[in-house]
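I have placed the structure first, in the form of structure tokens, so that the comments after it can refer back to it.
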Amino acid sequence: MDAPTPAGPVARPGEPAPWCGQCGEDLTEADHARCVRAAPLEPPRYCAHCRRRMVVQVIPGTWTATCSRHGSVEQPTWG
Amino acid sequence: MTAQATGTDILDVAREQVLERGVPLTHEQVVAVLRTDDDRLEDLLALAHEVRMRYQGPDVEVEGIVSLKTGGCPEDCHFCSQSGQFTSPVRSVWLNIPQLVRAAEQTAATGASEFCIVAAVRGPDERLMAQMREGVAAIKAAVDIEVAASLGMLTQEQVDDLADMGVHRYNHNLEAGRSYFPQVVTTHSFDERLDTCRMVKESGMELCCGGLVGMGETIEQRAELAVQLAELEPHEVPLNFLNPRPGTPFGDLEPMGSSDALRTIAAFRLALPRTILRYAGGRELTLGDLGTRDGLLGGINAVIVGNYLTTLGRDPKEDLALLDELQMPIKALNETL
Ligand code: SF4
Ligand SMILES: [Zn+2]
Ligand SMILES: [Zn+2]
């Protein structure tokens with residue numbers, strides 16, 4: 001996996017993703033050092049495209065985050 | 001007369017009392033252990049490990065957990081991101097039955113013998129009990145694993161129903177010692193928690209009952225939790241280290257330091273020599289990789305593998321490799337039956 005970014009999943013790679021998936025703030029403005037540190041142990045809670053709070057389901061080996069507008073992303077947490 | 005009053009070293013006292021005679025430490029003695037200096041930590045952990053090996057053996061019980069109903073809980077446990085009373089980013093959601101079975105399969109694939117289904121509720125309603133009935137049956141039909149549950153406070157009828165479904169263990173934590181509890185939860189009482197714990201024990205289900213440390217409690221209050229747990233004689237004690245959640249009243253507390261966390265593990269082992277002592281939430285943050293190993297060599301004999309309810313865990317392969325290296329076999333399923 002790539003280095004953790006606070007943006008979380010980008011459900012639609014072609015679209016702008018200006019929001020931090022961890023804290024929901026603007027990625028270019030607030031300080032996201034804590035979000036970057038948290039990312040390996042925290043699923044994203046905010047949609048990177050629209051900042052909506054996502055519905056997040058964590059099960060032992062995967063998590064799924066769903067934005068009502070931008071859809072769902074599922075990621076395994078172990079290989 | 002106490003160890004301190006006579007000037008006797010608390011570790012010598014613990015060795016003779018707990019290791020040799022199997023008598024748990026008292027409140028005062030747990031306080032003394034929690035007050036030992038960092039330069040005694042290695043000896044303390046070694047003693048706690050000896051106690052664990054003598055009374056529990058080398059096996060480690062491995063468990064996975066899953067949240068059946070996440071968020072929107074009416075209670076106000078100040079550490080919890082699932083309370084509907086705080087501005088936490090966790091949204092309410094239910095897991096469906098196929099997802100629940102998939103979670104049990106993922107857990108079983110790690111070699112775990114236990115799968116615990118958790119719901120963020122004050123206590124179960126009809127809908128949750130129906131979901132449990134269907135879910136437990138589906139898991140038992142598809143996956144070779146023991147099913148445990150944690151659904152808040154129960155009525156006697158619900159205790160009986162869960163036992164009938166084949167739930168073999170029920171988790172209901174004290175969360176904190178009695179004197180600190182009102183600073184942690186205001187929507188229900190410590191005694192209400194005890195009532196459910198006692199009903200579970202009487203039903204013949206195994207009681208899993210633990211709590212959290214690092215919530216701002218004093219050393220005395222931390223010791224109180226250990227001895228009040230010991231009085232209940234649970235089958236298992238899950239030990240959580242506060243992972244401060246954004247938006248909760250405890251969200252700005254600093255995570256506990258690793259020496260303190262390890263001292264706490266050893267002290268709990270010496271207060272609970274014959275109980276399964278499980279690493280539950282917060283170990284990744286508080287202890288990291290090195291501390292995880294130290295805790296397994298300092299009294300811990302059970303782990304949760306994989307992800308938690310709303311946060312992520314380490315790769316189970318790393319935990320399992322560590323157990324292998326420490327020559328601690330995973331407790332087999334048939335040994336828990
Ligand atoms: S009862 Fe459980 S889910 Fe509800 S707030 Fe307390 S710890 Fe969280
Ligand atoms: Zn951020
Ligand atoms: Zn969105």
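Among the residues making up region A:38-71, a single one is without any contact (Cβ under 8 Å) to a residue 12 or more places away in the chain and either of a type in the set (D, E, K, R) or within 15 Å of ligand 2 (Cβ to nearest atom) (or both): A:41.
Yes/no per residue for (1) at pLDDT below 95; (2) farther than 30 Å from residue B:195 by Cβ:
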| position | (1), (2) |
| --- | --- |
| B:234 | no, no |
| B:237 | no, no |
| B:242 | no, no |
| B:245 | yes, no |
| B:253 | no, no |
| B:262 | no, yes |
| B:268 | no, no |
| B:275 | no, no |
| B:285 | yes, yes |
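Condition check: surrounded by fewer than 20 Cβ atoms within 10 Å (Cβ to Cβ), within 16 Å of ligand 3 (Cβ to nearest atom) and either within 30 Å of residue B:63 (Cα to Cα) or at pLDDT 85 or above (or both). Does residue A:50 satisfy that? The answer is yes for residue A:50.
What residue, among those in region B:64-87 that are facing chain A (nearest Cβ under 10 Å) and not in a strand (DSSP E or B), is nearest to residue B:252 (Cα to Cα)? Per the criteria, the residue is B:81. Taking the criterion of being open to solvent by 30 Å² or more (accessible area, probe 1.4 Å) and among the hydrophobic types (A, V, I, L, M, F, W, C), the residues of region B:102-118 that qualify are B:108, B:109. Hey, any hits in region B:47-63 for a residue that's within 14 Å of chain A (Cβ to nearest Cβ) and either in contact (Cβ under 8 Å) with a residue 24 or more places away in the chain or over 20 Å from the mean Cα position of the chain (by Cα) (or both)? Yes, region B:47-63 has at least one match.
Only a single item in (1) open to solvent by 50 Å² or more (accessible area, probe 1.4 Å); (2) in contact with a strand residue (DSSP E or B) (Cβ under 8 Å, 6 or more places away or on another chain) is not met by residue A:56, and it is number (1).
When region B:176-193 is examined, which residues are found to be hydroxyl-bearing (Ser, Thr, Tyr) and either open to solvent by less than 50 Å² (accessible area, probe 1.4 Å) or more than 12 Å from residue B:76 (Cβ to Cβ) (or both)? Selection gives B:179, B:180, B:187, B:189.
Here are B:90, B:101: which of them is more than 19 Å from the chain's Cα centre (by Cα) and within 9 Å of chain A (Cβ to nearest Cβ)?
Only one candidate qualifies: B:90.
Is it the case that region A:46-57 has a residue that's at the interface with another protein chain (Cβ under 10 Å from one of its Cβ atoms), closer than 18 Å to residue B:107 by Cα and not in a strand (DSSP E or B)? No, region A:46-57 contains no residue that is at the interface with another protein chain (Cβ under 10 Å from one of its Cβ atoms), closer than 18 Å to residue B:107 by Cα and not in a strand (DSSP E or B).
The values are calculated or read from the model by the stated rules, or taken from the named source; none is laboratory data. Computed from a predicted model, the values in this text were never measured in an experiment. So basically every Cβ, Gly included, is an ideal-geometry build from the backbone, and we count neighbours across all protein chains shown. Just the protein is used for accessible areas: all its heavy atoms, side chains included, with ligands, DNA and RNA removed. Shrake-Rupley method; radii C 1.70, N 1.55, O 1.52, S 1.80 Å.
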